[in-house]
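Step one of this worksheet: look at the structure below.
The values are calculated or read from the model by the stated rules, or taken from the named source; none is laboratory data. Quantities reported herein were computed from a predicted structural model and do not represent experimental measurements. For neighbour counting, all protein chains shown are included, and Cβ atoms are generated from backbone atoms with ideal geometry for every residue, glycine included.
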Amino acid sequence: MSTHVVLGTGSVGAPLARELAHRGHKVVCINRSGSRTGLPASAEQRVGDISDPGFAAEALRDADVAYQLAQPPYHRWPQEFPALQETILKAAEANGTRLVIGDNLYCYGMVEGPISDSTPEHPVSTKGALRKSMAQDALAAHDQGRVQVALTRPSNYFGGDYGLTRELLARPAMEGRRMAVLGRLDQPHAFAYVPDVARAMADVGTSEDGWGRSWVLPAMAPLTQGELCARLWAEAGRDSRPRVAALRGLTMRMVGLFAPRVRESVEMLYEMERPFLVNASEFEERFGWTATGLDDAVRQTMRDSRPHEIVAST
């Protein structure tokens, strides 16, 4: 039995832990809060600050594979994220641990057509440039033989484990309240279903040939945010017209005066203001599966978004 350490147990970390436990691996989960929400009963938990070099080195002791999903607060990325990653890379190197890094698509910038593994990286945001630089550093560590690294790059999340889906879309639909989205309602967008992201990270982490590169991950068939809201509204059993507020431009900036995360999201709004498509054919051909269908994803998301903790018995 191999040991897999999940660093960060939020939107993807918890379902990843469940996926790995379901596959029969020993799973160790690391977070700062001590929360076990969504974690499998069989998972060991260690509480601490993974940015501390001593704790990081101990956390990865005897780990075969680690999954880096820990992040600083969104508005503190430039100040804290590079140092956090370097600490984890050094801990993985010291322990001979393979490292799967949860990345995203920010580094590609504004792309005409679907984003694929061969798309040139031309970030147009501070966070995109930061992600590109961090990815280059991680892959350089791999090329130098310091540590085996792979990066996984999903699109924007959708699913019951993801707080923004639960709180801004699914639960308002259940209660007949106004849903809220960032950006336009009429542009096609390929969302990444969170359980698919977890499955993909587990596939890469348990492979022998998935290392030394980044992987664009499977995404659901494109649909507009307006269409997604309508599907959730209908799944909630409502036959009226969906109630949706689209936060854009000046409104977001005004809200951002009081909410740092919203303020920091403004520069990424382009992803929701124009078509945002994904081509994950390289991953799909290597690992043999495609994204969950929209109907199944919407149905399960509504179930998972009910006001109770997700509990896994594995």
TODO: Just give me the residues in region 23-37 being under 26 Å from Ala135 (Cβ atoms) and surrounded by fewer than 18 Cβ atoms within 10 Å (Cβ to Cβ), in sequence order.
DONE: Arg32
Task: Residue check for Trp211: in a strand (DSSP E or B) and closer than 26 Å to Val111 by Cβ - done: no
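Specify which of the listed residues (Val194, Val216) is surrounded by 16 or more Cβ atoms within 10 Å (Cβ to Cβ), in contact with a Phe, Trp or Tyr (Cβ under 9 Å, 6 or more places away or on another chain) and within 27 Å of Arg303 (Cβ to Cβ).
After ruling out the rest, the residue left standing is Val194.
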Task: Selection within region 54-91 - within 25 Å of Ala129 (Cα to Cα), surrounded by fewer than 18 Cβ atoms within 10 Å (Cβ to Cβ) and without any contact (Cβ under 8 Å) to a residue 60 or more places away in the chain - done: Pro72, Arg76, Pro78, Gln79, Glu80, Pro82, Ala83, Glu86, Lys90
TODO: Select from region 171-191 the residues that are in contact with a Leu (Cβ under 6 Å, 6 or more places away or on another chain) and small (Gly, Ala, Ser) and list them in ascending order.
DONE: Ala173, Ala180, Gly183, Ala190
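Pro40: crowded, with 23+ Cβ neighbours inside 10 Å, in contact (Cβ under 8 Å) with a residue 40 or more places away in the chain and either under 22 Å from Pro73 (Cβ atoms) or in contact with a Lys or Arg (Cβ under 9 Å, 6 or more places away or on another chain) (or both), yes or no? Show your work before the answer.
Values: crowded, with 23+ Cβ neighbours inside 10 Å: no; in contact (Cβ under 8 Å) with a residue 40 or more places away in the chain: yes; either under 22 Å from Pro73 (Cβ atoms) or in contact with a Lys or Arg (Cβ under 9 Å, 6 or more places away or on another chain) (or both): yes.
When the stated conditions are applied, Pro40 does not pass them.
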Task: Ala92 small (Gly, Ala, Ser) and outside any loop (DSSP other than H, G, I, E, B) - done: yes
- [ ] Give region 263-312 a look and list any residue that's over 29 Å from Leu39 (Cβ atoms), among the aliphatic types (A, V, I, L, M) and at pLDDT below 90, or say none.
- [x] Val266
